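**Student:** Sharing a structure with you now.
The values are calculated or read from the model by the stated rules, or taken from the named source; none is laboratory data. Because the structure is predicted, anything quoted here is derived from the model rather than measured. In this analysis, Cβ positions are derived from the backbone assuming ideal geometry, glycine residues included, and neighbour counts consider all displayed protein chains.
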Amino acid sequence: MKKLLALLTMLALFTAGCTNEQKPVEPAAKATAQPAAAKQIKAGFIYVGPVGDAGWTWSHDQGRIEMEKAAYVAPSTYIESVPEGAESARVINGLVQKGHNLIFTTSFGYMDATLDVASKNKDVIFMHCSGYKSAENVGTYFGRMYEPRYLSGIIAGKMTKTNSIGYVAAFPIPEVIRGINAFTLGVRSVNPQAVVKVVWTQTWFDPGVERDAADSLLDVGADVLTMHQDAPATLQAAEARNAYVIGYNSDNRKFAPNAFLTAPIWNWGSIYTKTAEEVQNGTWKTAQIWSGMKEDLVQLAPLSEKVPAAVKQLVEEKRKAIVAGSLHPFSGPLKDQTGKEAVAAGVTLDDGALLGMNWFVEGVQGTIPQ
Amino acid sequence: MLEILLDATVRAGTPILFATLGAIINERAGIINLGIEGLMLIGALSGFAATFSSGSLLLGVVSAFVAAFIAGSIHALITVQLRGNQIVSGLALTMFGIGVTALFGRGVVGQTIDGFERHAVPLLSQLPVVGKAFFNQNGLIYFSFLLVAFIWFFFYHTRWGLNLRTIGENPAAADACGIAVNRYRFLAVACGSGLVGIGGAYLSLASTPMWIENMTAGRGWIAVALVIFASWSSVRALFGAYLFGGITAMQLRFQAMGTTVSAHVLQMLPYVFTIVVLVISTIRLQKGASQQPENLGLPYDREDRK
């Protein structure tokens, strides 16, 4: 009995430790600058990883910090490393109980928990990242990361000498597959001979495995790497072996000062600030937001000095075309991995097809586990 | 190809090897330590922070050992001196490790250092197949070879090793022989924990020279399982760690080479392997052929005569 009690105590401590809540400090100066009548936005964030992951969660936290610059936003709260699934409802509910009126849940696995808590708290506005379910007080938001991925593919296609490019990928889900395809289309638009080799790690975050996966691609002759992972291990692998690398999530060039070419990056601050502003004005309405480079939610990090001027110019032209809407990476004709026509000429894949993508374009070497 | 695979195997297996060796020393003294994951993190952070501020890799390894030694001493204090529950104390140590490294690691997230590099051993590194994998590696890997041999020698060819094994089997008998049971146990737990810390430092100084929260990603738990697979032997721990590292390395390389085998099948391999190992160890346990220390997990109290 004693042991059981001790174990239960430990469990309780563990869950308490996991949520690791940050107590916001009230800056007095900011509060006094407020007009008395204005509604204060008290925002709360649920993060799937630690802020120190130097990747996905870090990029969200940068967005949160940017949002706090607005005068009407009170110091916000974030809770790190919240496990996905039903358990997260308890944590989200905790934020509601503490008086937060705008809550961002920043990973796919919080979808059902977010809707569940939202249905019982109609006066609170929720924003869920990367999901497909919304409600009266739940909006969704995500970025068209495939746009900068396509641009980074152009650079990879121009920079490779072995015509072999490696892609360290986390899980075979549409978001990742879409990125691989867009990248490959970018590569093949300038270098039809190049192939993109894919290795699945089946983890978002395991620096050791990511490093090993990157090394395995270098071992088979890849001289440019890119990744869809949360740790910057792929960058270090490329740096150690004098290859080139294209990062992801944030501008993490310091991990590979010589190898780094560019990175498709998130700019969550733009959507967080916009949402806070809409809630403040009372103009917020539920929507399923999927923004691209035009809205500045996704970007391509500044290109390194290693990229020749002609390539820089080409990328800039293509970027302008994507922003203007005259270029869409997934416009036909597109062939699938087997060389069969997948998208006819003149057809552009709609958002539904993009969000459910489960096939590889021509030029990808790898399999999608079914 | 085989050469590359072996090389990757050694590199992936080494952090688990250090952790398993540390855990074996704990358990040989009769103390279960489930704090391995936390100790690895403590070692990874202190090793990285020390190297980052001093520029010395050696200092990094030493601080990883010292920090994990100190953290392990907490476990030793609770389980040996105070005779507390070893399972609970170990789990608490893991949680403590995760939390404390997250807190103190903030300052060095995103910092970079020059990590361990390969140094070829003359002549030996020219050997076919095994040369590159075993003799063109970094200093920490060479150290792990020496450690495996040293621990084997210590357990079976020194009086202290014999005493330590006796304590794990029957502390009352050891006590009757005049062996300082608690002192041995305390030191075994603390030194074993220190080695676990070096396993963590391998990740932050050699494998991926950086600090990220939770960068061990569960390797500590693999080490806990490998202790049983290795049946408390340092030599078998080497094989276990390499087997585990090798399977991971292999499935990644099969994918990179573009095999048509489903990635799911390849990724299942480490887990299939774990289950097979558990089945084999359990059968051996039932046959009485297990090497498990008789008094593993039980606190010793001189007053409490059976």
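**Student:** Which one of these is under 13 Å from the mean Cα position of the chain (by Cα) and outside the structural domain of A:Asn181 (by TED's automatic domain parsing): A:Ser130, A:Ser134, A:Ser119?
**Tutor:** After ruling out the rest, the residue left standing is A:Ser130.
**Student:** Now, a different point. Within the range A:348-366, how many residues turn out to be farther than 23 Å from A:Asn191 by Cβ and in a loop (DSSP other than H, G, I, E, B)?
**Tutor:** 3
**Student:** Can you tell me which residue is surrounded by the most Cβ atoms within 10 Å (Cβ to Cβ) among those in the range A:51-67 that are more than 20 Å from A:Ser130 (Cα to Cα) and in contact (Cβ under 8 Å) with a residue 24 or more places away in the chain?
**Tutor:** The qualifying residue surrounded by the most Cβ atoms within 10 Å (Cβ to Cβ) is A:Glu66.
**Student:** Further question on the same structure: Scan the range A:235-254 for residues that are facing chain B (nearest Cβ under 9 Å) and free of Cβ contacts under 8 Å to residues at least 40 places away in the same chain and report the count.
**Tutor:** Qualifying residue count, the range A:235-254: 4.
**Student:** Looking at the structure I just gave you, is A:Ala276 at pLDDT below 95, assigned to a helix (DSSP H, G or I) and in contact with a helix residue (DSSP H, G or I) (Cβ under 9 Å, 6 or more places away or on another chain)?
**Tutor:** yes
**Student:** Specify the residue that is surrounded by the most Cβ atoms within 10 Å (Cβ to Cβ); the eligible residues are those in the range B:239-259 that are among the hydrophobic types (A, V, I, L, M, F, W, C) and at the interface with chain A (Cβ under 7 Å from one of its Cβ atoms).
**Tutor:** For the range B:239-259, the residue satisfying everything is B:Leu252.
**Student:** Looking only at the range B:156-165, decide whether some residue is touching a Gly at 6+ places or on another chain (Cβ under 7 Å) and closer than 21 Å to B:Ser73 by Cα.
**Tutor:** Taking every residue of the range B:156-165 in turn, none turns out to be touching a Gly at 6+ places or on another chain (Cβ under 7 Å) and closer than 21 Å to B:Ser73 by Cα.
**Student:** Return yes or no: is B:Ala217 in contact with a Pro (Cβ under 8 Å, 6 or more places away or on another chain) and at pLDDT 85 or above?
**Tutor:** Criteria met by B:Ala217.
**Student:** Another question, if that's okay. For B:Ala223, work out the one condition from (1) more than 14 Å from chain A (Cβ to nearest Cβ); (2) within 30 Å of A:Ser81 (Cβ to Cβ) it doesn't fulfil.
**Tutor:** Failing condition for B:Ala223: (1).
**Student:** Next up: Residue under question is B:Ile179, and the condition is that it be β-branched (Val, Ile, Thr), outside any helix (DSSP H, G or I), within 14 Å of chain A (Cβ to nearest Cβ) and surrounded by 18 or more Cβ atoms within 10 Å (Cβ to Cβ); does it hold?
**Tutor:** In short, no.
**Student:** Moving to a separate point now. Need pairs with beta-carbon distance below 6 Å; first residue among the small types (Gly, Ala, Ser) and within the range A:339-358, second loosely packed, with under 13 Cβ neighbours inside 10 Å; sequence gap 6+ or separate chains.
**Tutor:** Cβ pairs passing all conditions: A:Ala345/A:Pro333.
**Student:** Which is away from every other protein chain (no Cβ under 14 Å), modelled with pLDDT of 50 or more and not in a helix (DSSP H, G or I), of A:Pro24, A:Pro75, A:Pro35, A:Pro83?
**Tutor:** A:Pro75
**Student:** Name the single residue that is surrounded by the most Cβ atoms within 10 Å (Cβ to Cβ) among those in the range A:86-104 being on the phi < 0 side of the Ramachandran plot, modelled with pLDDT of 90 or more and in a loop (DSSP other than H, G, I, E, B).
**Tutor:** Only one residue tops the list, namely A:His100.
**Student:** I've got another one for you. Can you name the condition, by its number, that B:Thr259 falls short on among (1) modelled with pLDDT of 85 or more; (2) closer than 25 Å to B:Leu2 by Cα; (3) of a type in the set (S, T, N, Q)?
**Tutor:** (1)
**Student:** Condition test on B:Gly105, is it assigned to a helix (DSSP H, G or I) and more than 14 Å from chain A (Cβ to nearest Cβ)?
**Tutor:** Judged against the criteria, B:Gly105 is not a match.
**Student:** Given the conditions (1) at negative phi; (2) assigned to a loop (DSSP other than H, G, I, E, B); (3) within 11 Å of chain A (Cβ to nearest Cβ), which single one is not true for B:Pro128?
**Tutor:** (3)
**Student:** Can you tell which of B:Phe52, B:Phe48 is crowded, with 24+ Cβ neighbours inside 10 Å and either farther than 15 Å from B:Gly197 by Cα or of a type in the set (Phe, Trp, Tyr) (or both)?
**Tutor:** B:Phe48
**Student:** Follow-up question, since we're still on this one. Scan the range A:333-347 and give yes if some residue there is at pLDDT 90 or above, under 25 Å from A:Tyr141 (Cα atoms) and in a loop (DSSP other than H, G, I, E, B), otherwise no.
**Tutor:** No, every residue in the range A:333-347 fails to be at pLDDT 90 or above, under 25 Å from A:Tyr141 (Cα atoms) and in a loop (DSSP other than H, G, I, E, B).
**Student:** Assigned to a strand (DSSP E or B), without any contact (Cβ under 8 Å) to a residue 40 or more places away in the chain and buried (at least 22 other Cβ atoms within 10 Å of the Cβ), is that true of A:Phe126?
**Tutor:** In short, yes.
**Student:** Let me ask you something else. Taking only the range A:269-291 into account, find how many residues are of a type in the set (Asp, Glu) and touching a strand residue (DSSP E or B) at 6+ places or on another chain (Cβ under 7 Å).
**Tutor:** 0
**Student:** Turning to a different aspect of this structure: Within the range A:226-234, is even one residue touching a helix residue (DSSP H, G or I) at 6+ places or on another chain (Cβ under 6 Å) and more than 14 Å from chain B (Cβ to nearest Cβ)?
**Tutor:** Yes, the range A:226-234 has at least one match.
**Student:** While we're looking at this one, here's another question. Output the residues belonging to the range B:190-205 that are more than 14 Å from every other protein chain (Cβ to nearest Cβ) and surrounded by 24 or more Cβ atoms within 10 Å (Cβ to Cβ).
**Tutor:** Within the range B:190-205, B:Gly192, B:Ser193, B:Gly194, B:Leu195, B:Val196, B:Gly197, B:Ile198 qualify.
**Student:** Can you report the number of residues in the range A:196-213 which are at pLDDT 95 or above and more than 9 Å from every other protein chain (Cβ to nearest Cβ)?
**Tutor:** 1
**Student:** Please determine, by comparing only the residues of the range B:206-218 that are under 15 Å from the mean Cα position of the chain (by Cα) and surrounded by fewer than 24 Cβ atoms within 10 Å (Cβ to Cβ), which one is nearest to the other protein chains (Cβ to nearest Cβ).
**Tutor:** Result: B:Ala217.
**Student:** Residues in the range B:111-118: is at least one at the interface with chain A (Cβ under 10 Å from one of its Cβ atoms), among the polar types (S, T, N, Q), under 28 Å from B:Val10 (Cβ atoms) and in contact with a Phe, Trp or Tyr (Cβ under 7 Å, 6 or more places away or on another chain)?
**Tutor:** Yes.
**Student:** With surrounded by 14 or more Cβ atoms within 10 Å (Cβ to Cβ), more than 12 Å from chain B (Cβ to nearest Cβ) and either in contact with a strand residue (DSSP E or B) (Cβ under 7 Å, 6 or more places away or on another chain) or at pLDDT below 90 (or both) as the only criterion, which of A:Tyr110, A:Tyr47 stands out?
**Tutor:** Among A:Tyr110, A:Tyr47, only A:Tyr110 is surrounded by 14 or more Cβ atoms within 10 Å (Cβ to Cβ), more than 12 Å from chain B (Cβ to nearest Cβ) and either in contact with a strand residue (DSSP E or B) (Cβ under 7 Å, 6 or more places away or on another chain) or at pLDDT below 90 (or both).
**Student:** Oh, and also: Which one is farthest from the other protein chains (Cβ to nearest Cβ) among residues in the range A:255-268 that are under 18 Å from A:Gly157 (Cα atoms) and among the aliphatic types (A, V, I, L, M)?
**Tutor:** A:Leu261
**Student:** Please state which of the following conditions B:Ile70 fails to meet, knowing it meets all the rest: (1) within 12 Å of chain A (Cβ to nearest Cβ); (2) more than 22 Å from A:Ser81 (Cβ to Cβ); (3) β-branched (Val, Ile, Thr).
**Tutor:** (1)
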